[in-house]
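Please read the structure below before turning to the comments.
The values are calculated or read from the model by the stated rules, or taken from the named source; none is laboratory data. From a predicted model like this one, the values you see are computed outputs, not experimental measurements. Backbone-built Cβ (ideal geometry, glycine too); neighbour counts: all protein chains shown. Note: accessible area is taken over every heavy atom of the protein model, side chains too, but ligands, DNA and RNA are not part of it. Shrake-Rupley method; radii C 1.70, N 1.55, O 1.52, S 1.80 Å.
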Amino acid sequence: MCGISGVLKFDGGTPEREQLGQMIATLHHRGPDASGIHLAQGVGLAHARLSIIDLQGGAQPMSSVDGGLWITFNGEIFNYIELREELVSRGHRFATRSDTEVILNAYREYGEDCVNHFNGQWAFAIWDEKERKLFLSRDRAGVRPLFYTQTGDSFLFASEIKALFACPGVPREIDAYGMDQIFTFWVTLPPRTAFKHICQVPPAHSLTVKDGRVQLRRYWSPSYAVDRSLCNGNEQKAADELLHLLQDATRIRLRSDVPVGAYLSGGIDSTLTTALVRKIVDTRLRSFSITFEDAQYDESTFQQEACKFLSTQHSNISCSRTNITEIFPEVVRHTEQPLVRTAPAPMFLLSQLVRDHGFKVVLTGEGADEILGGYDIFKEAKIRRFWAQNLDSEWRPLLLKRLYPYLPELQRQPAAHLKRFFRVTPEDLTSPLFSHLPRWELTAKLKLLLSREFSAASAGYSAIQELQQALPAGFCGWPHFAQAEYLEMNYFLAGYLLSSQGDRMAMAHSVEGRYPFLDYRVVEFAAKLPATVKLKVLNEKYLLKRACEGIVPQSILQRRKQPYRAPDGRCFFEPNAPSYVKEMLSPSSIQQSGIFDGQAVKALVNKFVAAKATSVKDDMALVGVLSTQLLSTQFTN
Amino acid sequence: MQTAEIDRQIREFLVTNFLFGRAEALHEDEALLGNVVDSSGAIELVMFLQDRFGITVEDEELAAPENFESLKNIVGYVTKKLSAKG
């Protein structure tokens, strides 16, 4: 895992080494083992290396054997061994045994379609000297980040936005449309980011720059057309097939020249990936987890059970409210986007723990909830539809209360109120966004906090409408469950979970996460499964649980699913809260950033000071304001 | 208590607690539940009405959407309860 950056000069001039040096220096945390710069007429590539595969021969930027192609690459191509053999048989020569060189020769062989041959997680840039073309690509799920911008005479790209800001002439401004989107979906809609003029290559997209023209192209999208033959009358066959795919996805994700560890959350997904590693690796596996001082967030009992069952050598780190408030500014510096939850902060501590134990690579269970029906939002949508069929039912709304046992206020709501909040009306039922409307509309309340001046820039804009326009053709006719899965996978997973809670928190301590559930073969298989085997009645991840029989302890298979959460807004108002909290929320800071309305923030802060902030919305609002203020101070001042 | 005063106090509560002090975001006839008052907020609202106006909100009154439909409806409901109380 590494950091990459580069500059393309539209006038064909040679970029300055110093500029590339400054860019890559900002990404030192992503690649502390080595760094390199390649300069040529019209282009400069830079690389910060975290050595994982071919420790001796994998230095970058790297050229093809003939010198015609140059690459800077962040990530892993897990099937590089098989691809290398194939390419050798087609006459390609290799000077190293790295996956980096496999990308170069695959590009030579297949052109831009080479990415369809890769099974991995990547962000790379290839400079094609003969074609005078820059080719950028990002992996299917969006595991690795890739940002770009243009100044008058240059195209710039990098793994993180801070590297772009190291260049002269790049404006540093929070984007009103980006804020509107984050205060609706928690993420921006790619290619937009939280910063004006800074774009991201969307997941599963490639980008080319040639003759001054920039073109984005989607190269992959899984089909959600259900294939009933997969489990017609034989669910066990489908469960076996799923397990077989996951086993192979795990096997190739163990390809590394450094030891691989595992995150173990105490849930089914990470217990399964760890169990699959155990089947392959003879040595005792190292596992890592977070525990919480607040019992309501803690899963250590299940973590211990999983460790015992799998005989891993386990380490954990305890996360307190004080830890979260102390590291929050550093967390925001790495996420590079406003947050409405503090949940990335414990992941920051976890990667530090991994690194402190000398590990650079960890396997995690991320992705299973999105592709195999694990999230409450899927159940919620199913219950809402069920309720809508009989609006007068007294017991149907009780199912919603059963779904959220950890939200005590919701338990006391009369059905009439739940009906309104969960949007159970005949009109809502026809919306292709039905599953996500309550979440988005609740988050959108945070827009009231924005100042009139700031939101004037996006007056009349509707983030939900923009998302709706970007949906695939025929989306309205998709099965409801597939619609919800698509929204979760395409927006929340890539923009928040894999980024703010994933890559950014792991790479803050030079740790690479690997995700067997996001192997494209697993994703494509899961997309074709009928919804009934993912969410059987209200039993989440049904088929996965069936696949886990005998591999994962029964106590973990049968436990009630607990969403990963961390203490939110209130921890910033404890007596020992760091001084930056008061400073960032002060009227003068609010006025200086200009993003929020002073009176609105004051009302919010007063509510927390008076210990009257009890709602999910208040928590999100506080974390949203604080993280945006930190972001603005760190990046735009 | 005058209706105007009841309106003022409820309005102030809603604006401070659910709209971050943005008074212009509250409309008299707007459906409150789901729009202004979030999932946990209905309880907060009831507690406020009981404490501030000394009334008791019965379960069946809470469940009747017309009582809490909009600011206008809540004001009407509280006025009615107060006058019944004498």
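Answer yes or no as to whether B:Glu28 is in contact with a Ser or Thr (Cβ under 8 Å, 6 or more places away or on another chain), more than 18 Å from A:Ala613 (Cβ to Cβ), open to solvent by 50 Å² or more (accessible area, probe 1.4 Å) and among the acidic types (Asp, Glu).
On the way: in contact with a Ser or Thr (Cβ under 8 Å, 6 or more places away or on another chain): yes; more than 18 Å from A:Ala613 (Cβ to Cβ): yes; open to solvent by 50 Å² or more (accessible area, probe 1.4 Å): yes; among the acidic types (Asp, Glu): yes.
So B:Glu28 passes the test.
Counting only residues that are open to solvent by 20 Å² or more (accessible area, probe 1.4 Å) and more than 20 Å from A:Pro414 (Cα to Cα), which one in segment B:52-71 is nearest to the chain's Cα centre (by Cα)?
B:Arg52
Got a number for residues in segment A:416-434 being assigned to a helix (DSSP H, G or I), within 11 Å of chain B (Cβ to nearest Cβ) and touching a helix residue (DSSP H, G or I) at 6+ places or on another chain (Cβ under 7 Å)? Give the derivation first.
Of all residues in segment A:416-434, those assigned to a helix (DSSP H, G or I) come to A:416-421, A:426-429, A:434.
Adding the requirement that they be within 11 Å of chain B (Cβ to nearest Cβ) leaves A:416-421, A:428.
When the remaining residues are screened for being touching a helix residue (DSSP H, G or I) at 6+ places or on another chain (Cβ under 7 Å), the result is A:416-418, A:421, A:428.
Residues in segment A:416-434 being assigned to a helix (DSSP H, G or I), within 11 Å of chain B (Cβ to nearest Cβ) and touching a helix residue (DSSP H, G or I) at 6+ places or on another chain (Cβ under 7 Å): 5 in total.
Within the group A:Glu394, A:Glu441, which residue is more than 31 Å from the chain's Cα centre (by Cα), open to solvent by 40 Å² or more (accessible area, probe 1.4 Å) and either at pLDDT 85 or above or more than 27 Å from B:Glu24 (Cα to Cα) (or both)?
Numbers: A:Glu441 fails: more than 31 Å from the chain's Cα centre (by Cα).
Residue meeting the stated conditions: A:Glu394.
So B:Lys85 clears everything in (1) within 11 Å of chain A (Cβ to nearest Cβ); (2) over 20 Å from A:Phe422 (Cα atoms); (3) open to solvent by 30 Å² or more (accessible area, probe 1.4 Å) except one condition, right? Which one?
(1)
Given the residues A:Leu400, A:Leu410, which is the only one that is over 28 Å from A:Arg546 (Cβ atoms), of a type in the set (A, V, I, L, M, F, W, C), within 14 Å of another protein chain (Cβ to nearest Cβ) and not in a loop (DSSP other than H, G, I, E, B)?
Working: A:Leu400 fails: over 28 Å from A:Arg546 (Cβ atoms).
The unique qualifying residue is A:Leu410.
Just to be sure before I move on: is A:Leu585 touching a Pro at 6+ places or on another chain (Cβ under 8 Å), within 19 Å of A:Met179 (Cα to Cα) and away from chain B (no Cβ under 11 Å) in the structure I sent?
Details: touching a Pro at 6+ places or on another chain (Cβ under 8 Å): no; within 19 Å of A:Met179 (Cα to Cα): yes; away from chain B (no Cβ under 11 Å): yes.
Judged against the criteria, A:Leu585 is not a match.
Quick one: which helices (runs of 4 or more DSSP H) sit completely within segment A:435-511 and have at least 2 residues that are within 14 Å of chain B (Cβ to nearest Cβ) and at negative phi? Lay out the reasoning, then the answer.
Working: elements: A:437-444, A:452-456, A:463-469, A:480-487, A:504-507.
Counting at least 2 such residues, we get A:437-444, A:452-456.
Please return the ranges of strands (runs of 3 or more DSSP E) entirely within segment A:195-287 where 1 or more residues are of a type in the set (Ser, Thr, Tyr), open to solvent by less than 30 Å² (accessible area, probe 1.4 Å) and farther than 22 Å from A:Tyr515 by Cβ. Full working, then the answer.
Values: elements: A:205-210, A:213-218, A:260-263.
Qualifying strands (runs of 3 or more DSSP E): A:205-210.
With respect to A:Gly75, is the statement that it is over 17 Å from A:Ile126 (Cα atoms) and touching a Lys or Arg at 6+ places or on another chain (Cβ under 6 Å) true?
On the way: over 17 Å from A:Ile126 (Cα atoms): no; touching a Lys or Arg at 6+ places or on another chain (Cβ under 6 Å): yes.
No.
Across segment B:11-23, which residue is modelled with the highest pLDDT among those that are part of a helix (DSSP H, G or I) and open to solvent by less than 10 Å² (accessible area, probe 1.4 Å)? Steps first, answer last, please.
Taking segment B:11-23 and keeping what is part of a helix (DSSP H, G or I), we get B:11-18, B:23.
From what's left, open to solvent by less than 10 Å² (accessible area, probe 1.4 Å): B:14, B:18.
Details: B:Leu14: 90, B:Phe18: 87.
Looking at residues that are part of a helix (DSSP H, G or I) and open to solvent by less than 10 Å² (accessible area, probe 1.4 Å), I get B:Leu14.
Restricting segment A:589-637 to residues that are farther than 24 Å from A:Thr193 by Cα, at the interface with another protein chain (Cβ under 10 Å from one of its Cβ atoms) and small (Gly, Ala, Ser), which is surrounded by the most Cβ atoms within 10 Å (Cβ to Cβ)?
Per the criteria, the residue is A:Ser615.
Return the total of residues in segment B:32-67 being assigned to a loop (DSSP other than H, G, I, E, B) and over 25 Å from B:Ser83 (Cα atoms).
Going through segment B:32-67 one residue at a time, the tally reaches 6.
For segment A:1-56, which residues satisfy the criterion of being touching a residue at least 60 places away in the same chain (Cβ under 8 Å) and polar (S, T, N, Q)?
Result: A:Ser5, A:Gln19, A:Gln22, A:Thr26, A:Ser51.
I'd like the residue in segment B:24-66 that is modelled with pLDDT of 80 or more and closer than 19 Å to A:Ala444 by Cβ and, out of all such residues, is farthest from the other protein chains (Cβ to nearest Cβ).
B:His27
For residues that are more than 26 Å from the chain's Cα centre (by Cα) and among the charged types (D, E, K, R), scanning just segment A:118-142, find the one that is surrounded by the fewest Cβ atoms within 10 Å (Cβ to Cβ). Walk me through it before giving the result.
Step one: list which residues in segment A:118-142 are more than 26 Å from the chain's Cα centre (by Cα), which gives A:127-133.
Imposing the further condition that a residue be among the charged types (D, E, K, R) reduces the set to A:128-133.
Numbers: A:Asp128: 20, A:Glu129: 17, A:Lys130: 8, A:Glu131: 14, A:Arg132: 15, A:Lys133: 15.
Within segment A:118-142, the match that is surrounded by the fewest Cβ atoms within 10 Å (Cβ to Cβ) is A:Lys130.
Would you pick out the residues in segment A:571-588 that are open to solvent by 20 Å² or more (accessible area, probe 1.4 Å) and either without any contact (Cβ under 8 Å) to a residue 40 or more places away in the chain or within 25 Å of the chain's Cα centre (by Cα) (or both)?
Residues satisfying the conditions are A:Phe573, A:Pro575, A:Ser579, A:Lys582, A:Glu583, A:Ser586, A:Pro587, A:Ser588.
Checking the condition farther than 28 Å from A:Arg49 by Cα and crowded, with 18+ Cβ neighbours inside 10 Å, which residue from A:Ala494, A:Ala506, A:Ala527 passes? Before the answer, list the steps.
Working: A:Ala494 fails: farther than 28 Å from A:Arg49 by Cα; A:Ala506 fails: farther than 28 Å from A:Arg49 by Cα.
The conditions single out A:Ala527.
Out of segment A:96-117, which residues are under 9 Å from A:Ile77 (Cβ atoms), touching a residue at least 40 places away in the same chain (Cβ under 8 Å) and in contact with a helix residue (DSSP H, G or I) (Cβ under 7 Å, 6 or more places away or on another chain)?
A:Asp99
Looking at A:Gly513, is it within 24 Å of the chain's Cα centre (by Cα), modelled with pLDDT under 95 and open to solvent by less than 10 Å² (accessible area, probe 1.4 Å)? Show your work before the answer.
On the way: within 24 Å of the chain's Cα centre (by Cα): yes; modelled with pLDDT under 95: no; open to solvent by less than 10 Å² (accessible area, probe 1.4 Å): yes.
For A:Gly513, the condition - within 24 Å of the chain's Cα centre (by Cα), modelled with pLDDT under 95 and open to solvent by less than 10 Å² (accessible area, probe 1.4 Å) - is not met.
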